[in-house]
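In what follows, a structure is listed as structure tokens, so that the remarks can point back to it.
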Amino acid sequence: MASAPDPKLGAAESEQIAAQINQALVSALTGQNAVLNATASDLLAHVDVVAPVIASVMHRPGITLAQQWQVTKVIKRGGLGGELLDALASPEPAIRAAAAQLCGAMRLAESVAWLSDLLADSDEKVRVAAARALGRTGGRRAVDALMGVVEDFPPHRLALAIAHGASDIDLDGLLRSGGSARTAVVVALACGLRADALRFPRLVAMARDRNGPSEVRAAACRALGMIGDRAAAGVLRNLGLDPDSAVSEAATRALRRYHPGVQRRQT
């Protein structure tokens, strides 16, 4: 009878593949000739270790578009891009989810249309992986796809993807769009999650608007607490006395979690 596979050997193989990928991508990032020997099957089989390694290169602070393109060329030269797109249509949910995770880590722009379709997948894990991947990929098409399913996803989950993928212009447009209350909740939370001080005045106005929906005002309170602007404390204290219990409770909780001086977005 065949013995069970040794999990230590599987972990060792994952680490070895991840190290090879990291070396190749970092070399490409610094302008060196690089060859990626791993196959799509390797990446899919070891996605939990490999995807974070790829993301650490492709999403590092200060990376330029030119550098991203150098890394993407190495990925495409190895034929991985096309194989991962094919894997997004796999009959196996686990493969679709893994492929989505890898596409997001690689920021494959051509995967956006496929990932958008997976937002309506029958498997929840696939839907969640697709939303996260679209957030990591970023760009207007990805943001539009995410906001197109705003009524179908938990707001906090969608907000996290929007926080990663939306530009300042995208957020401004969404805040001014006059869309549904659910849209406003997601965008407000996204602003908070990225500690976006530029949106602070708009969020204050949303939180104070007694004609606005309770859930939107409450979300704005939560966002103000996350941003950590020093002016937020007074605003939240006043909103803690609001006659709308949902707003007053959200403001009170946000004030408890409020930490002034956190690093804030300036651009």
- Query: Normalised by the residues of the chain, what does the relative contact order come to in percent, with Cα pairs under 8 Å and at least six apart?
  - Reply: 11
- Message: If I stretch the segment between Ala246 and Leu198 completely, what's the gain in nm (0.36 nm per residue apart, minus their alpha carbon distance), one decimal?
- Response: 14.8 nm
- Note on the structure: If each part is reduced to its alpha-carbon centroid, segment 47-68 and segment 128-172 end up apart, in Å, by 19
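Quick check: at a probe of 1.4 Å, how many percent of the accessible area of the chain sits on carbon and sulfur atoms? Before the final figure, lay out each step's value.
Numbers: 7030 of 13640 Å².
That share works out to 52 percent.
Give me the 1.4 Å probe accessible area per residue for segment 139-259, excluding ligands and nucleic acids, in Å².
Numbers: 5720 Å² over 121 residues.
Averaged over the residues of segment 139-259, the accessible area is 47 Å².
Per DSSP H run of at least 4 residues, take -39500 (n - 2.57); add these up for the chain, divide by its residues and hand me the 222 nm value, nearest 500 deg cm²/dmol. Let's see the in-between values first.
On the way: 16 runs with 181 residues, N = 267.
Calculated at 222 nm, the ellipticity per residue is -20500 deg cm²/dmol.
Take the Cβ-Cβ distance between Ala66 and Asp209 as r, set R0 to 35 Å, and report the resulting FRET efficiency rounded to the nearest 0.05.
Working: r = 44 Å, r/R0 = 1.24.
The computed FRET efficiency comes out at 0.20.
May I ask you to rank Arg237, Arg127, Arg176, Arg136 by accessible area, largest first, using a 1.4 Å probe over the protein chains only?
Most to least solvent-accessible, the answer reads Arg176, Arg237, Arg136, Arg127.
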- Query: For labels at Thr39 and Ala233 in the simple 7 Å Cα→Cβ model, what's the distance in nm?
  - Reply: 6.0
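Taking the Cβ-Cβ separation of Ile169 and Ala19 as r and a Förster radius of 51 Å, what is the calculated FRET efficiency to the nearest 0.05? Mind dumping the intermediate values first?
Values: r = 38 Å, r/R0 = 0.75.
Computed FRET efficiency for Ile169 and Ala19: 0.85.
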- Item | Per-residue ³J(HN,Hα) for segment 147-160, Karplus 6.51 cos²θ - 1.76 cosθ + 1.60, θ = phi - 60°, Hz, x for Gly and Pro | 6, x, 10, 4, 7, 9, 10, x, x, 5, 5, 5, 4, 5
- Query: Calculated FRET efficiency, Ala12 and Glu92, Cβ-Cβ r, R0 35 Å, to nearest 0.05?
  - Reply: 0.90
- Note on the structure: A correct Karplus calculation of ³J(HN,Hα) over segment 178-186, with 6.51 cos²θ - 1.76 cosθ + 1.60, θ = phi - 60°, whole Hz and x for Gly and Pro, returns x, x, 5, 4, 4, 4, 4, 4, 4
- Query: Simple spin-label model, 7 Å along Cα-to-Cβ: Lys76 to His156 in nm?
  - Reply: 3.9
- Ignoring ligands and nucleic acids, His59 exposes an accessible area, probe 1.4 Å, in Å² to the nearest 10, of 60
- Message: Sort 65-71, 250-256, 108-114 by packing, meaning the average of other beta carbons within 10 Å per residue, with the highest value first.
- Response: 250-256, 108-114, 65-71
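The values are calculated or read from the model by the stated rules, or taken from the named source; none is laboratory data. Every value quoted in this text rests on a predicted model; they were computed, and no experiment measured them. Reconstructed Cβ throughout: ideal geometry from the backbone, glycine too, with neighbour counts over all protein chains shown. Surface areas here come from the heavy atoms of the whole protein model, side chains and all, with no ligands, DNA or RNA. Shrake-Rupley method; radii C 1.70, N 1.55, O 1.52, S 1.80 Å.
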